[in-house]
Amino acid sequence: MSQDTRFDILLQPIEIGPVTARNRFYQVPHCTGMGYRDPTALAHMRGVKAEGGWAVVCTEQVEFHWSADITPFIELRLWDDRDVPMLARMAEQIHAHGALAGLELVHNGLHGPNFQSREVPLAPTGFPVAGFGYEPLQARTMDKADIRNLRRWHRAAALRARRAGFDLIYVYGGHALNILHQFLSREFNHRSDEYGGSLENRVRLLEELLIDTREAVGDTCAVPCRLSMDELRGAAGLERAETEDMIGLVAEIPDLWDLCLAGWENDSLSSRFGEEGGQEPFIAGVKKLTTKPVVGVGRYTSPDRMAAVVRKGIVDLIGCARPSIADPFLPKKVEEGRIEDIRECIGCNICVSGDYTMSPIRCTQNPTMGEEWRKGWHPERIRPKETEKPVLIVGAGPAGLEAAQALGKRGYEVTLAEQRTELGGRVARECRLPGLAAWGRVRNWRAEQLHKLANVSVYLDSALDADTVLEFGCPRVVIATGARWRRDGVGRHWTAPMPIGDGAQVLTPDDIMEDRLPQGGRVIVWDDDHYYMGGVLAELLADKGYETTCVTAASEVSTWSRNTMEQHFIQTRLLEKGVRIRAFRLLNRISPGCVETSCVHTGRSEEVEADAVVLVTSRTPADRIAADLARRRDRWPDAGLESVDAVGDALAPATIAHAVYAGRRYAEELDGPAITGDAVPFKRELAELVD
Ligand code: ADP
Ligand code: SF4
């Protein structure tokens, strides 16, 4: 039981069909961008979550047949027996730490373009493939034999999943991303046979798969069912009332109901667009329909909120994907009453960008995510110091804070000097922008950790330069001084300063964040950065009453935020706030009172009146101290200085996740084997060559 009885309800075991979960912390299936390419890294990542106390740890989606491959995305597969060992490795890692292993079987149907298998996609009705890129192909309508095949393939995969050691084997119809959803949906199922039309008919395949799976593996494995309560598209999509009717038809067949929202962007809504527990209104009341346990998600990071949602009878288990990524040890910390140590997810969806860019998962808050096996990093442990040499860190942004807390935990004497009167660097400033308050957690968690480390001294209001660093006499110096936004327009489009006339009013994101606002009413935001900053500043300016226009060479604002599933929400919000979006346009020249833009395709230009321009282009590393120290190398021996390393934005500006990772990397590698760049510095698996 917990040190704190408030949370006892979260620590009680619960039966899920034939298996028992040790507590109420349930890591729902989530993508990782690792899948079949990085199976051992993936297995160890899931194993660390089991070690952190989760009762159930699930896979990402696992394709149960090759007629539905979601290439280029990298998920898992159980196409045949050869796929069993890689899944068995994951189950072993999860079991080694006493958790139950869950596996989510999927057939992508209309969502699988089958770029690898080159099979004709299958669907209840042969619509165009609805993947992620307007793929120019259509699925074919399944006949009865196809449906019989589908059932046989699902059953065979369930048996393989059990052989691989899994304890829960899903029937998955959630997120509007798979064939089961397409059968359930009025929109995608236009069949006139017993699998289409009425609700009963559309639910038929779901019922059959549930029964098939229970018959195949239900004596030893639980069979959860994952459905979306609502697609949030009104009557065009599935709505709560209809989903409840569906659940009512098969309420007692699965061993557990795992409920989400569709599409995925609504389910994993970023913190900019939704609060913790945002799905409660959609799940509340479902428990009246079934006696089986219910799990629901909602980016829960507060144990009080979690306990309340169980106590209120909305769910039986707390489903988490992102909170388990940001803190794989969340359950252990609740159990041990270490609530202040929980590394709370900030809801930035950088983890999702791993999947979208087909690269291994990363997390802004947890820099060890994805590195458990390939680099041997652990979210809670780090090897002790190997020397007594202290470290001076200049700059307390995400990079400096992470380096300081991780080095502090290794046992080094650390001094952290920050020129401002608050910790956090860019995070302290950016978390004041509209919708980004939760990002302050990057600072808050690290500040809390530093507070507990007697060997780390923090000095605010302490601007250092090369001379003061030399006077300080510390052998190791980390320059984590960040970066400043450029004022000359240099970035992706302009690699030399853009023409800016005398008297033109030009501002940078730093100006706006430091409350230097435009004079006059009409503002152009030139977004040559394409992630969140341009869009968020346009929102802020519109909120302050400026007539705001966003100019971008891309087809939409904040286009990279497609990878965090936020682009649609950003564009909608800006349009609703009256921001004008000028896509496919370049900014050629800024003059007092006007700018010239041109079409990226035709080159045709036009003049637009504007009182001020905000340039969101690129950033210049604040690497002055590092450069000055390099020039004074002759003074290093007398000062006892041995190494100077720039990390994070001071080396190369990037995302907050990159900065945290850079700080961690410095701390992990200090006094370790030299990394020369000649050898690959992480473990990887290579494809097995077949004779
Ligand atoms: P990163 O994302 O790499 O951590 P940030 O810009 O967030 O970078 O943080 C850099 C921090 O370094 C800021 O808080 C800034 O005030 C601080 N800083 C910059 N120059 C100095 C300096 N000369 N002395 C002390 N602190 C500095
Ligand atoms: Fe949360 Fe961001 Fe980490 Fe994802 S990347 S788990 S959203 S903090």
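So that you can scan it fast, the table gives a plain yes or no per residue for (1) part of a loop (DSSP other than H, G, I, E, B); (2) within 11 Å of ligand 2 (Cβ to nearest atom):
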residue: ARG305; (1), (2): no, no
residue: VAL310; (1), (2): no, no
residue: LYS333; (1), (2): no, no
residue: CYS351; (1), (2): no, yes
residue: GLY354; (1), (2): no, yes
residue: ARG362; (1), (2): yes, yes
residue: ASN366; (1), (2): yes, yes
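So that you can scan it fast, the table gives a plain yes or no per residue for (1) within 14 Å of ligand 1 (Cβ to nearest atom); (2) more than 28 Å from PRO384 (Cβ to Cβ); (3) not assigned by TED's automatic domain parsing to the domain that holds GLY640:
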residue	(1), (2), (3)
GLY435	no, yes, no
ALA438	no, yes, no
VAL442	yes, no, no
TRP445	no, no, no
LYS452	no, no, no
VAL458	yes, no, no
THR468	yes, yes, no
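In summary, LYS683 fulfils each of the numbered conditions (1) away from ligand 1 (no atom under 16 Å from the Cβ); (2) in contact with an Asp or Glu (Cβ under 7 Å, 6 or more places away or on another chain); (3) under 25 Å from CYS363 (Cα atoms); (4) of a type in the set (Lys, Arg) with the single exception of condition (2).
Residue-by-condition table, conditions (1) among the aromatic types (Phe, Trp, Tyr); (2) within 16 Å of ligand 1 (Cβ to nearest atom); (3) farther than 30 Å from ALA43 by Cβ:
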residue: ILE346; (1), (2), (3): no, yes, no
residue: GLY354; (1), (2), (3): no, no, no
residue: THR364; (1), (2), (3): no, yes, no
residue: GLY408; (1), (2), (3): no, no, yes
residue: ALA417; (1), (2), (3): no, yes, yes
residue: ALA428; (1), (2), (3): no, yes, yes
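Scan segment 262-278 for residues that are in contact with a strand residue (DSSP E or B) (Cβ under 6 Å, 6 or more places away or on another chain) and either among the polar types (S, T, N, Q) or more than 16 Å from ligand 2 (Cβ to nearest atom) (or both) and the total you get is 1. Among residues that are at pLDDT 95 or above, surrounded by fewer than 17 Cβ atoms within 10 Å (Cβ to Cβ) and away from ligand 2 (no atom under 16 Å from the Cβ), ARG429 is not included. Residues in segment 91-149 that are farther than 26 Å from ARG191 by Cβ, assigned to a helix (DSSP H, G or I) and in contact with a His (Cβ under 9 Å, 6 or more places away or on another chain): GLN93 alone. Of everything listed in (1) away from ligand 2 (no atom under 11 Å from the Cβ); (2) at negative phi, the single unmet condition for GLY337 is (2). In this structure, GLY503 does not qualify as crowded, with 19+ Cβ neighbours inside 10 Å, of a type outside the set (A, V, I, L, M, F, W, C), more than 16 Å from ligand 1 (Cβ to nearest atom) and more than 30 Å from ARG633 (Cβ to Cβ).
Being touching a strand residue (DSSP E or B) at 6+ places or on another chain (Cβ under 6 Å), assigned to a loop (DSSP other than H, G, I, E, B) and more than 30 Å from GLY274 (Cα to Cα) is a property that does not hold for SER457.
Cβ separations smaller than 7 Å between residues 6+ apart or across chains give the following pairs from segment 643-658 residues that are more than 8 Å from ligand 1 (Cβ to nearest atom) to residues that are at pLDDT below 95: ALA646/ASP623.
Looking across segment 60-84, the residues that are under 19 Å from ASP355 (Cβ atoms), among the acidic types (Asp, Glu) and at pLDDT 95 or above come down to GLU60, GLU63, GLU75.
The values are calculated or read from the model by the stated rules, or taken from the named source; none is laboratory data. If you're wondering where the values come from, they're calculated on a predicted model, not measured in any experiment. Neighbour counts are summed over all protein chains in view; Cβ atoms, including those assigned to glycine, are modelled from backbone coordinates with ideal geometry.
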